[in-house]
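The values are calculated or read from the model by the stated rules, or taken from the named source; none is laboratory data. Please read these numbers as outputs of a predicted model, since none were measured by experiment. Here Cβ is always computed from backbone atoms with ideal geometry, including for glycine, and neighbour counts include all displayed protein chains. Just so you know, the surface numbers come from the protein's heavy atoms only, side chains and all, with ligands and any DNA or RNA stripped out. Shrake-Rupley method; radii C 1.70, N 1.55, O 1.52, S 1.80 Å.
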Amino acid sequence: MGNAEEERALHEQRLGPVVRRRHQMRPETTDQRLLDTRGATHWVHEDPFRVMRIQSEFVEGFGTLAELGPAISVFGSARTPEGSPEYEAGVRIGRALVEAGFGVITGGGPGAMEAANRGATEAGGVSVGLGIELPYEQGLNPYVDIGVNFRYFFVRKTMFVKYAQGFVVLPGGLGTLDECFEALTLVQTKKVTRFPIVLFGSAYWKGLVDWLTNTLIAEGKASPHDLDLFHLTDDIDEVIDLVTKESGV
């Protein structure tokens, strides 16, 4: 190194794409600052860092499910007991969907979700569980073959819609209603291309359908044709016919 280069090196510092000279030079390298820094940790709980977490959840979900193939999202209560008629119906629906050429996506939990995953797995199909961080979270059920856990409900909901050709809604609680009405709203407002939404269990859903008809629509809060956004049935063969016909699979 010549005298001129040595002199410049004493007064110039290159840190990645950044050049620092004279009194702006720093005594440590970028790696040193990264690895040696010990300071406040409040930043991991602030919104800019949360944005990175949200982005990472979308990346993981998209990357995991991009090659999934045709699938149906099945919703239902985590409290449905094994051996009950509703559980057995979930198993049969999961199995029938696989036999019709679909994978099965659920929330990955117990009850009706486990039943649908179980039917899919026992039929040799693709069984997906999209879990969520909750205070009473029990983890993914044992019949999930591809599982992704999410912190944020809205990211998880995107996956349910983006990678499904239709929804089958078994008897469930507030979470099931949340997913069902979000799907109905997205279809009604044409935020997504129409896809079939099937409510299974007419005795369970009849009160809701009556309220939609006699209160919501009767008072002008929705249109009569909004009832065409979903189907109500007790017949598993009809479930398969509906999702197959309307999804184009």
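Please work out how much length the chain gains when fully extended from ALA100 to THR213, using 0.36 nm per residue of separation minus the C-alpha to C-alpha distance, in nm with one decimal.
Gain in length upon complete extension: 37.4 nm.
Collect residues whose amide H, placed 1.01 Å from N in the peptide plane, falls under 5 Å from the amide H of ALA100; neighbours closer than 5 in sequence don't count.
Under 5 Å from the amide H of ALA100 lies no amide H from a residue far enough along the sequence or on another chain.
Separation between the LYS206 and GLU88 pseudo-spin-labels, each 7 Å from Cα along Cα→Cβ, expressed in nm?
Taking the two extended label points, one gets 2.1 nm.
Can you pull the one-decimal nm distance between simple spin-label points at ILE54 and LEU177, each 7 Å off the Cα toward Cβ?
Taking the simple label geometry, ILE54 and LEU177 are separated by 2.7 nm.
With the contact rule set at Cα under 8 Å and sequence spacing of 6 or more, what percent relative contact order holds for the chain?
That works out to 16 percent.
With a 1.4 Å probe and every protein chain left in place, work out the accessible area per residue of region 148-249 in Å², rounded to a whole number.
Here the per-residue accessible area is 51 Å².
Tally Lys and Arg at +1 and Asp and Glu at -1 over the other residues with C-beta under 14 Å from the C-beta of GLY90: what net charge comes out?
Overall, the nearby charge balance is -2.
Once neighbouring chains are kept in place and the probe is 1.4 Å, which whole percent of the accessible area of the chain is contributed by carbon and sulfur?
54 percent
Any idea what log10 I(q)/I(0) is at q = 0.11, 0.14 Å⁻¹ for the chain, Debye with uniform C-alpha scatterers and no solvent?
-0.64, -0.91
Sort the following peptides by mean Cβ neighbour count (other Cβ atoms within 10 Å, averaged over residues), highest first: 178-184, 81-87.
Ranked from most to least packed, the peptides come out as 178-184, 81-87.
Which lysines, if any, have their Cα less than 16 Å from the Cα of LYS191, not counting same-chain residues under 8 positions apart?
LYS157, LYS162
Taking amide H positions as placed 1.01 Å from N in the peptide plane, with prolines and chain starts having none, which residues 5 or more places from GLY147, or on another chain, fall under 5 Å of its amide H?
Here the answer is GLY129, since their amide H atoms fall under 5 Å of that of GLY147.
Quick one: among LEU199, LEU208, LEU177, which has the greatest mean-square fluctuation in a GNM of the chain with alpha-carbon springs under 10 angstrom?
The residue with the greatest mean-square fluctuation here is LEU208.
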